[in-house]
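A quick write-up on the structure given underneath.
The values are calculated or read from the model by the stated rules, or taken from the named source; none is laboratory data. Computed from a predicted structure; not experimentally measured. Reconstructed Cβ throughout: ideal geometry from the backbone, glycine too, with neighbour counts over all protein chains shown. Calculation scope for accessible area: heavy atoms of the full protein, side chains included, ligands and nucleic acids excluded. Shrake-Rupley method; radii C 1.70, N 1.55, O 1.52, S 1.80 Å.
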Amino acid sequence: MSESRPLPRSAMNVLPVKERMKILRRRMPELDAALRSRNFEEVNLGLEAADAVTEAQRCIGCAKPGCVVDCPVGVKIKEIVALIAAGEYLAAAAKLREDNSLPAITGRVCPQENQCEGGCIVGKKGEPVAIGNLERFVADFERVSGQLGLPAIAPSTGKSVAIVGSGPAGLSAAGDLIQKGHRVRVFEALHELGGVLVYGIPEFRLPKSIVRGEVENLRRMGVEFETNVVVGKSVTIDELMQDEHYNAVFVATGAGLPQFLNVPGEHFNGVYSANEFLTRVNLMRAYQHDEYDEPVYDCRDKDVIVVGGGNTAMDAVRTSRRLGARTAKLVYRRSDAEMPARAEEVKHAREEGVEFCMLTNPVEFLGDEKGWLTGARCVKMELSEPDESGRRRPVAIKGSEFVLPANVAIIGVGTTANPLIQSTTPDLATNKWNYIVANEESMRTSKRGVFAGGDIVTGGATVILAMGAGRKAAASIHAYLTSGEW
Ligand SMILES: Cc1cc2nc3c(=O)[nH]c(=O)nc-3n(C[C@H](O)[C@H](O)[C@H](O)COP(=O)(O)OP(=O)(O)OC[C@H]3O[C@@H](n4cnc5c(N)ncnc54)[C@H](O)[C@@H]3O)c2cc1C
Ligand code: SF4
């Protein structure tokens with residue numbers, strides 16, 4: 001958490017606590033479900049200023065704010081909400097930026113129900129303060145106002161840092177390091193910058209213009225970007241340090257290697273990984289299907305099943321609806337209660353006509369003589385005692401097999417580390433799942449001058465955790481570059 005500026009006098013909530021507790025949570029306006037399930041426009045429309053102020057007045061200004069404790073990067077939520085209640089939106093945005101460098105993004109995609117809003121004291125008796133919606137409101141207000149002041153940049157230190165990967169970890173590290181006066185160059189394997197924020201999360205949840213705006217701000221601050229560079233193939237970490245003389249490298253390559261079910265028939269035409277499906281739709285612009293040739297299997301009037309219960313599966317199934325699927329079914333082997341996806345995405349998916357086949361597991365994909373998918377043989381599951389993840393273990397019910405007809409099946413059951421950098425950097429320690437080993441505080445790896453953070457260290461996690469890791473790494477890299485001590 002960074003140093004806090006004092007709040008102005010106006011930011012005092014004058015309503016008595018009893019009155020504040022009576023105010024009902026303001027609803028986020030959203031596009032009509034029938035309409036939006038056929039287009040890629042953003043679903044949530046954002047709070048009006050009057051609603052944001054009323055929502056902020058629901059905060060009771062706790063002495064020990066549970067919201068801050070449960071925010072992974074300790075955003076000063078209580079103070080920000082008080083500033084919104086006082087109509088001081090730009091001051092609220094500035095305070096938010098003290099701890100969160102991508103607020104318009106996290107306001108849209110953080111799983112608030114498990115974080116800040118999960119810890120909100122008002123939520124113990126009713127609905128929690130809509131912290132995510134308020135965060136989005138001030139970040140958008142600041143962006144639209146054009147009054148986003150770029151931070152001061154320290155005089156050049158003469159040191160340079162290579163950042164590998166332009167997801168939230170890489171971008172937030174770049175922002176902090178450039179301010180310290182270091183030269184920063186971000187290397188990205190794909191042709192677009194933003195990592196999962198652009199190639200994974202669809203336009204209807206996070207418009208690409210918002211991510212591009214953040215990248216543009218970094219460019220204006222002096223960060224250099226190079227796309228289409230696959231580090232480990234085009235250039236190695238050792239070459240970056242020895243031949244190109246980077247003083248430090250931050251590896252923020254995410255966990256983008258898709259996992260499959262490893263059941264018979266996964267090779268049939270029409271079976272995708274969710275990663276490939278979403279990347280094709282997002283980066284090859286199938287979401288603008290009137291203007292671009294659709295580079296995915298035509299979902300129009302087809303039966304689509306998506307396997308998994310996380311954000312990726314939810315994004316894929318909602319995307320398939322928008323591409324014209326006749327039926328879009330989410331197949332998940334546990335029950336609703338165990339689904340890791342954000343609660344809002346589950347609600348939106350149901351409203352958009354996605355069918356939920358819970359406690360169901362595909363055991364085989366079926367195809368025709370030409371190799372095209374025709375369906376999935378599934379078994380019904382029941383939950384037994386909790387496994388090592390703490391969730392109740394699904395067990396197949398004998399004799400419960402049935403066939404779900406499908407022309408497209410999308411597998412969204414998780415991802416793992418891409419091994420390229422690890423395999424071309426011999427002295428970089430990895431764990432048994434091939435994630436890079438880095439110290440939790442300093443983000444240092446086993447190799448001098450090389451730091452790592454985000455999903456490539458933790459495994460698939462969240463945007464806010466990746467952003468927090470990038471900021472921690474930046475502080476640690478700065479300490480290393482100025483002290484020379486490892
Ligand atoms: C579909 C989907 C939906 C999600 N929804 C949410 C959500 O709603 N809320 C939430 O909090 N989290 C969500 N997540 C998780 C979240 O997006 C990730 O935890 C986060 O993006 C990780 O950030 P990162 O910077 O570590 O990696 P990434 O965002 O994965 O970025 C890594 C970047 O490194 C690049 N790269 C990889 N290898 C190389 C290489 N060798 N050379 C150069 N570049 C390389 C990649 O192309 C990529 O651009 C979602 C994930 C997915 C896949
Ligand atoms: S926990 Fe809820 S009520 Fe308390 S300060 Fe945070 S937002 Fe306000």
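Listing for the model above:
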{"item": "One residue from R212, R219, R185 being open to solvent by 20 Å² or more (accessible area, probe 1.4 Å) and in contact (Cβ under 8 Å) with a residue 40 or more places away in the chain", "result": "R185"}
{"item": "Flag if L47 is of a type outside the set (K, R), open to solvent by less than 30 Å² (accessible area, probe 1.4 Å) and modelled with pLDDT of 95 or more", "result": "yes"}
{"item": "L323 within 12 Å of ligand 1 (Cβ to nearest atom), in contact with an Asp or Glu (Cβ under 8 Å, 6 or more places away or on another chain), open to solvent by less than 60 Å² (accessible area, probe 1.4 Å) and within 17 Å of I201 (Cβ to Cβ)", "result": "no"}
{"item": "Failed criterion for I201 (all others in (1) within 8 Å of ligand 1 (Cβ to nearest atom); (2) within 18 Å of V251 (Cβ to Cβ); (3) among the hydrophobic types (A, V, I, L, M, F, W, C) hold)", "result": "(2)"}
{"item": "Qualifying residue in segment 293-308 (condition: touching a Gly at 6+ places or on another chain (Cβ under 8 Å), among the aliphatic types (A, V, I, L, M) and over 24 Å from K398 (Cα atoms))", "result": "no"}
{"item": "Residue, nearest to T462 (Cα to Cα), within segment 113-131, restricted to residues that are assigned to a helix (DSSP H, G or I) and more than 11 Å from ligand 2 (Cβ to nearest atom)", "result": "N114"}
{"item": "Among the candidates T416, T482, T424, residue that is over 15 Å from G167 (Cβ atoms) and in contact with a Ser or Thr (Cβ under 7 Å, 6 or more places away or on another chain)", "result": "T424"}
{"item": "Some residue of segment 372-394 being assigned to a strand (DSSP E or B), touching a Cys at 6+ places or on another chain (Cβ under 6 Å) and in contact (Cβ under 8 Å) with a residue 40 or more places away in the chain", "result": "no"}
{"item": "Residues that are touching a Ser or Thr at 6+ places or on another chain (Cβ under 9 Å) and among the aliphatic types (A, V, I, L, M), drawn from segment 458-474", "result": "V463, I464, L465, A466, M467, A469, A473, A474"}
{"item": "Failed criterion for G254 (all others in (1) of a type outside the set (A, V, I, L, M, F, W, C); (2) in contact with a helix residue (DSSP H, G or I) (Cβ under 6 Å, 6 or more places away or on another chain); (3) surrounded by fewer than 21 Cβ atoms within 10 Å (Cβ to Cβ) hold)", "result": "(3)"}
{"item": "Helices (runs of 4 or more DSSP H) fully within segment 23-99 counting 3 or more residues that are not β-branched (V, I, T)", "result": "33-36, 49-57, 77-85, 89-99"}
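Each row is one residue, and each column tells you yes or no for (1) surrounded by 23 or more Cβ atoms within 10 Å (Cβ to Cβ); (2) at pLDDT 95 or above; (3) of a type in the set (A, V, I, L, M, F, W, C); (4) more than 22 Å from D238 (Cβ to Cβ).
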position	(1), (2), (3), (4)
V437	no, yes, yes, no
R444	no, yes, no, no
V450	yes, yes, yes, no
T458	no, yes, no, yes
A473	yes, yes, yes, no
W486	no, no, yes, no
